[in-house]
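First the structure, in the form of structure tokens, and then the observations on it.
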Amino acid sequence: MSGSPQTLPQFIRRNARDLPHAVAQRHKQRGVWRVYDWPQVQDRVHAIAAGLMARGVGRGETVLVISENRPEQYWAEYAAQCLGAKIVSLYPDATAEEMAYIASDSASVCIFAEDQEQVDKALAVIDGYDGVRLVVYWEDGGLWSYRQDVLASLDTLMSEGRALLGRDPGCIDREVDRGTADDVALLTYTSGTTGKPKGVVITYRALFDASERIRSCIAIEPGMEYLSYIPLAWMTEQWLGVALGAMLPTRVNFAERPDQITAAIRELAVEILLFGPRQWESIAAMVHARMLDAPAWRRRVVDWGLGIGTRAATARLHGKAPRPVDRLLLPLAEALVLRPLRDQLGFKRNRVALTGGAAAAPDVFRLFAGLGVRLRSIYGSSEYGAVSAHRSDTYDPETIGAPLQAATDWGPPLETRIAGNGELLLRGGCGFTGYWNLPEKTAERFDGDWFRTGDAVTENAATGELTYLDRVDHMSRLRGGAVYPKQFIEIRLRFSPYIRECMVIGDERHDHVAALVNINYEVVSRWAEQRGLSFTTLADLSQRPEIVDLIGREVRKVNASLPVHGRVLRFANLPKDLDADEGELTRTRKLRREFIEERYASLVGGLYAGDAEADLAIPVRYQDGRSGTLACKVRIADVPANEAVPA
């Protein structure tokens, strides 16, 4: 590794030197794609770094960034790292309270805030935490009247940096030269489903090791087009967008706004796409919703084409040849249905489609494989990096792939073992550096020299592939002693185009499994309109008997694939969406189970008391900031355990 780049800023400098004309980034602004080559990226990164240096930011300090995915967010990260500072990225919808906790815990001295909304949060943080010396913004809309001394625009910071570089041209290069692979690059915070988020210490070595493990098993090549969409607070985006974007490098693209991501996918037809399971499920639901609006003959043609594509692709995933009739009809299905669908969705040039962060329903993989999009899963953790992936052309969609055991230039081979309670244990690789300032919590994650992932899995002895069940702590036992995985059931329920979110309930106090369901309002409302059903709001629609019956049919389909003791026997449609701003979900959209059960206690009680409906009254927060109470009656439906699945 001698002489090779050891940090992200060193990779940026290499690219600017060796690839002066290569496109590094594209960003759509006011309808026009703005292109940055590597020398332009380095120029901006070094100017920002010098500006930070002029403002006193130095080695070992922490810089916090909160923004939608934009080039400036990447530049800010690379710039802070030029000085030997470490980065904390927040989800853009984080509240001021969440930002305050993480800024204080990480000892942040500077905050990069995209716009007025994020600046307001940062200024609220400063009111209770005096460690922040600088707040930098780049969208100045609404900020003209702000006069706080701590504020500076990105242009101002870069001007100060260029002035310093004029006086001392080598000041940033000297700092970049000091960087090593074992320097801390990031603090990434856990989702905090059961308590306060913890900062995970990520070195460059660990960052590059995970990125290289992914690249070595999935054909990601230099110069490929990548669309940055997942927040940088999620480690998988750091591995693929930030790290591989500089290491290989790839071309990283940014949509104009988050609500234009679908249009950007179609316009760019990028080769690499990374979405979480929820986004892939949303795309699948969007296809279904469009079909609801299509004439009956077109729906039949699409169903026919997708059926052929899915059967042929599923056979190939399992290493088998498609049926002769499917192989014969596949070119026609490709011409009439599959290729046009890929073009409409923006997948016509896609070569790498990835999901991670949570398990996805197997039917999601089968659907996209049928479309001609080979969706693969990456499984890992912030603490230990990339662990497993769907690698070759044959893999089981029911799994999270086989362990990434081979050594990389950055770390030794990875070892895996399954404990007696089903927990996946890890050893080797770059290991787990630790939680920020929490040595006791760090020690709790080890069993001897094995790292405890906290995830319950099973292993296919023939292929080595792992099947994710649930968090070990969430594996539930009913009163009769039967054990079942809640998340395993929830993942399969969410594949339904009519279900946006759900939470499965049932523990040693209960005799059976029940579920709380969020309907997918966009799809279900179209379904209702087609049938002439009147409704006013999501709360009204969710409680209509026809909608309860619709969701009941979806639950019965999933029940057919579950053992009898794990089947959902009662459910209720929630009258509102679960919301991270109300504490029901984390920023990564993970369920806060204990909070939800407590918040909806009357409904949970009705599910297990045999009631036909329950009175619900919960506090809610509206988008305009007002608070109120949602009070309504919620229907509760039965799903007989042995009822036949509808055709």
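The values are calculated or read from the model by the stated rules, or taken from the named source; none is laboratory data. Since this is a predicted model, take the numbers as computed values, not measurements. As a convention, Cβ positions derive from the backbone with ideal geometry for all residues, glycine included, and neighbour counts pool all protein chains shown. The protein model used for the area step is the full one, side chains on, heavy atoms only, and it has no ligands, DNA or RNA in it. Shrake-Rupley method; radii C 1.70, N 1.55, O 1.52, S 1.80 Å.
Brief remarks on what is shown
- Taking first residues from segment 423-443 that are touching a residue at least 12 places away in the same chain (Cβ under 8 Å) and more than 19 Å from Pro412 (Cα to Cα) and partners that are among the polar types (S, T, N, Q) and assigned to a loop (DSSP other than H, G, I, E, B), the Cβ contacts under 9 Å between residues at least 6 apart in sequence or on separate chains come to Tyr435/Thr190.
- Taken over segment 578-615, the criterion of being among the aliphatic types (A, V, I, L, M), more than 30 Å from Ser89 (Cα to Cα) and surrounded by 18 or more Cβ atoms within 10 Å (Cβ to Cβ) is satisfied by Leu603, Val604, Leu607, Ala614.
- Single match in Val639, Val620 (criterion: surrounded by 20 or more Cβ atoms within 10 Å (Cβ to Cβ), farther than 26 Å from Asp293 by Cα and of a type in the set (A, V, I, L, M)): Val639
- Residue match in segment 17-32 (condition: touching a residue at least 24 places away in the same chain (Cβ under 8 Å), open to solvent by 50 Å² or more (accessible area, probe 1.4 Å) and in a helix (DSSP H, G or I)): no
- Yes/no for Ser89 being open to solvent by 10 Å² or more (accessible area, probe 1.4 Å), closer than 25 Å to Asp182 by Cβ and at pLDDT 95 or above: yes
- Test for Thr433: is it in contact with a strand residue (DSSP E or B) (Cβ under 6 Å, 6 or more places away or on another chain), within 30 Å of Val568 (Cα to Cα), among the hydroxyl-bearing types (Ser, Thr, Tyr) and open to solvent by 30 Å² or more (accessible area, probe 1.4 Å): no
- Looking at Glu77, Glu72, just one residue is surrounded by fewer than 24 Cβ atoms within 10 Å (Cβ to Cβ) and either touching a helix residue (DSSP H, G or I) at 6+ places or on another chain (Cβ under 7 Å) or not in a loop (DSSP other than H, G, I, E, B) (or both), and that residue is Glu72.
- Output for segment 375-399, where each listed residue is assigned to a loop (DSSP other than H, G, I, E, B) and either without any contact (Cβ under 8 Å) to a residue 40 or more places away in the chain or over 15 Å from the mean Cα position of the chain (by Cα) (or both): Glu383, Tyr384, His390, Arg391, Ser392, Asp393, Thr394, Tyr395, Asp396, Pro397, Glu398, Thr399
- Qualifying residues in segment 104-148 (those that are of a type in the set (D, E, K, R) and open to solvent by 60 Å² or more (accessible area, probe 1.4 Å)) - the one nearest to Asn69 (Cα to Cα): Glu139
Matching residues to (1) out of contact with any Pro (no Cβ under 9 Å at 6 or more places or on another chain); (2) assigned to a helix (DSSP H, G or I); (3) surrounded by fewer than 19 Cβ atoms within 10 Å (Cβ to Cβ); (4) of a type in the set (Val, Ile, Thr):
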{"site": "Pro231", "(1), (2), (3), (4)": "no, no, no, no"}
{"site": "Gln238", "(1), (2), (3), (4)": "yes, yes, no, no"}
{"site": "Val242", "(1), (2), (3), (4)": "yes, yes, no, yes"}
{"site": "Gly245", "(1), (2), (3), (4)": "yes, yes, no, no"}
{"site": "Val252", "(1), (2), (3), (4)": "no, no, no, yes"}
{"site": "Ile265", "(1), (2), (3), (4)": "yes, yes, no, yes"}
{"site": "Leu273", "(1), (2), (3), (4)": "yes, no, no, no"}
{"site": "Arg278", "(1), (2), (3), (4)": "yes, yes, yes, no"}
{"site": "Glu281", "(1), (2), (3), (4)": "no, yes, no, no"}
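- Test: residue in segment 79-94 that is among the hydroxyl-bearing types (Ser, Thr, Tyr), in contact (Cβ under 8 Å) with a residue 60 or more places away in the chain and more than 21 Å from Ile261 (Cβ to Cβ): no
- Residue within segment 545-559 that is within 23 Å of Pro485 (Cβ to Cβ) and either without any contact (Cβ under 8 Å) to a residue 24 or more places away in the chain or outside any helix (DSSP H, G or I) (or both) present: no
- Residues that are surrounded by fewer than 16 Cβ atoms within 10 Å (Cβ to Cβ), within 18 Å of Ala263 (Cβ to Cβ) and among the basic types (Lys, Arg), drawn from segment 327-365: Lys348, Arg349
- Pair list, Cβ under 7 Å, 6 or more apart: segment 474-485 residue within 22 Å of Leu591 (Cβ to Cβ) and polar (S, T, N, Q), other residue open to solvent by less than 30 Å² (accessible area, probe 1.4 Å) and not in a strand (DSSP E or B): Ser476/Lys486; Ser476/Gly506
- Flag for Thr180 being open to solvent by 30 Å² or more (accessible area, probe 1.4 Å) and at pLDDT below 95: no
- Yes/no for Leu516 being assigned to a helix (DSSP H, G or I), within 28 Å of Pro397 (Cβ to Cβ) and at pLDDT 95 or above: no
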